[in-house]
Each structure stands twice: as structure tokens, then as C-alpha cells.
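Participant: Quick one: the structure is below, and I'll ask about it shortly.
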Amino acid sequence: EDGMKPNVVFVLGAPGSGKGTQCSLITSKTNFVHLSAGDLLRQECATSGSQYGDLIASYIKDGKIVPVEITCSLLEKAMKMSGKEYFLIDGFPRNFDNLQGWINQMGHKTDFLFLLFLQAPEDICVERILSRGATSGRIDDNADSLKKRFQTYLHDTLPIVKFYEDKGLVRSVDSTRPMQSVHEDVMAVLREVVS
Ligand code: UP5
Ligand code: MG
């Protein structure tokens, strides 16, 4: 194994399960760099003159999964720019097409560690997101888009978790508890892999 390859943890969980929150808490204590695929896509939308801006916005509003070539390229660019070795890839891969695209483009350039799965039931997630929606400015933080985000999550993203679970590569954390308690469990999981 080439020790110089960047190490990658995929972080998945329902919309509002706390992926962004937990990734931020991790980066304050470890060498991990947090890359949220959703944040990168939203940034790309906000970049004037981006050829994909309108397309990305329409996918996000409908809770649909943006074509993997776009997402994967944004992730690769961000990884290169950081110059770091440990990455939390938040909210990706969301379906098998995403995973295949990642393997094709990044599989040989990275070492996959495991998938961190944040578990929280839909009612709790919905409550969190709708209260965030008052101030987030996200075009998908409304009841209508949220319904579609959850459909996509259940139908397309959960099978990715199952896929890695069958390989023994999922570490699950109960994400219904207060942020700091969840964070402690997440850190315990990370310490198993990275000292
Ligand atoms: N909160 C968090 N943890 C809490 C706790 N333990 N107790 C109480 N409250 C808690 O948290 C959500 C809210 O809950 C916050 O207000 C937080 O304070 C509170 P957050 O950490 O933001 O949760 P997160 O899981 O990150 O929720 P997010 O809304 O970001 O999840 P999504 O998966 O829906 O959003 P994402 O940005 O990943 O994707 C958005 C869209 O982009 C997708 O629907 C899709 O259209 C597109 N996309 C792609 O197409 N491809 C990709 O690869 C990625 C995204
Ligand atoms: Mg997020």
C-alpha cells in the first residue's frame, strides 16, 4: 500500500442527521479535513459564471442526486487544494452511480477507511431541518423539498450503507442524542482507525 495516498472516510446519514455538525466537531480535534459534497455543490451554484450552476440548483431543489462527474470533480479539486491526508467526505456517495464514479476517478488515488453512519429517525431529522430552514437560506430546507430528499435517501443512499455494511466497513453512531454526546461516540470510532 502506498502510504502517501489520502485516507477517506465517507460520512452518511439522513438529511438533518448531523453530518455537517459532527464533521466540524471532528476537524477541530483531528487532522481530518471536512469536505461536504453538498456544500461544494452549493458553492459551485453561487459561483458566477459556473456552467453547472442552474443544473445543480434544480437537482438540489428536487432532492435529486447531481451527476457524479460534477460532484467528484469538486471533491477531487478540494482534496488537492487542501494538500492534506485525511478526509471526511460528507454526504457522498449517495447512490451506486456516485460510488462507481468515485471508484473510477478516485479509487486508485485514495485509501478508503470506513463509512461513518449517523443514525436518526426521520421525525427528528425533519424537525431539525425545518427549524434550521428559518435561517439557513437553503433552497431545499422546506417541507416539499425535504420530502423528496428523504425519498432519495431511503431509495438510493441507504443501499450504499447496506453495501458497506455487508463488507464490515460501517461504523454506526446513534445521532439522536445531544451533539456533544454524539461527538464522543464518533471520536471513539475514529480513534480505532487513526491515532
Ligand atoms: N443538529 C445536528 N445535530 C444535532 C443534535 N445531535 N441534536 C440536535 N440538533 C442537532 O444538522 C442539521 C440541523 O440539526 C442543524 O440545525 C444542526 O444544528 C442540528 P446538520 O449537521 O446540518 O445535518 P446534515 O446531516 O449535514 O444535514 P443536511 O441538511 O446537510 O443533509 P443533506 O444530506 O440533506 O444535505 P447535503 O448538503 O448533503 O445535500 C444537499 C443536496 O445536495 C442533496 O439533496 C442533493 O440534491 C445534492 N447532493 C448531491 O447531488 N450529491 C452529493 O454528493 C451531495 C449532495
Ligand atoms: Mg450537511
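The numbers here are math on the coordinates, done by the rules we state, and not lab data. In this text the structure is predicted, and so the values were computed from the model without any measurement. With ideal geometry, Cβ positions are generated from the backbone for all residues, glycine too; neighbour counts draw on all protein chains shown.
Participant: Over what distance in Å are the Cα centres of segment 1-58 and segment 154-195 separated?
Facilitator: 16
Participant: Is the shape of segment 91-195 best called rounded, prolate or oblate, per the rule: a/c under 1.5 gives rounded, else a/b larger than b/c gives prolate, else oblate, with a ≥ b ≥ c the square roots of the Cα gyration tensor eigenvalues? Display every interim value, and only then the final one.
Facilitator: Working: a/c = 2.03, a/b = 1.28, b/c = 1.59.
Since a/c reaches 1.5 but b/c is at least a/b, the shape of segment 91-195 is classed as oblate.
Participant: Right, next: Trypsin sites (Lys or Arg not before Pro) within segment 130-184: which are DSSP loop residues with at most 13 other Cβ atoms inside 10 Å? Walk me through the numbers before you get to the answer.
Facilitator: Values: sites: 132, 138, 147, 148, 149, 162, 167, 171; in loops: 138, 167.
Qualifying residues, ordered by number: 167.
Participant: Which links in 29/61; 29/84; 5/80; 19/64; 19/109; 84/167 stretch past 22 Å when you go from one Cα to the other?
Facilitator: On the way: 29/61 33 Å; 29/84 15 Å; 5/80 12 Å; 19/64 18 Å; 19/109 24 Å; 84/167 27 Å.
Result: 29/61; 19/109; 84/167 exceed 22 Å.
Participant: Now for a separate question. Normalising by the residue count of the chain, find the relative contact order in percent from Cα pairs under 8 Å and 6+ residues apart. Could the numbers behind the result be given before it?
Facilitator: Details: 271 pairs, mean separation 66.4, N = 195.
Reported relative contact order: 34 percent.
Participant: Next up: When the C-alpha atoms of segment 7-189 are aligned to their principal axes, what extent does each axis show, in angstrom, from largest down?
Facilitator: Its Cα atoms span 38, 37, 31 Å along the three principal axes.
Participant: Could I ask something else about it? What order do you get for 88-96, 101-109 when each peptide is scored by the mean count of other beta carbon atoms within 10 Å, highest first?
Facilitator: Details: 88-96: 22.4, 101-109: 15.3.
Ranked by mean Cβ neighbours within 10 Å, highest first: 88-96, 101-109.
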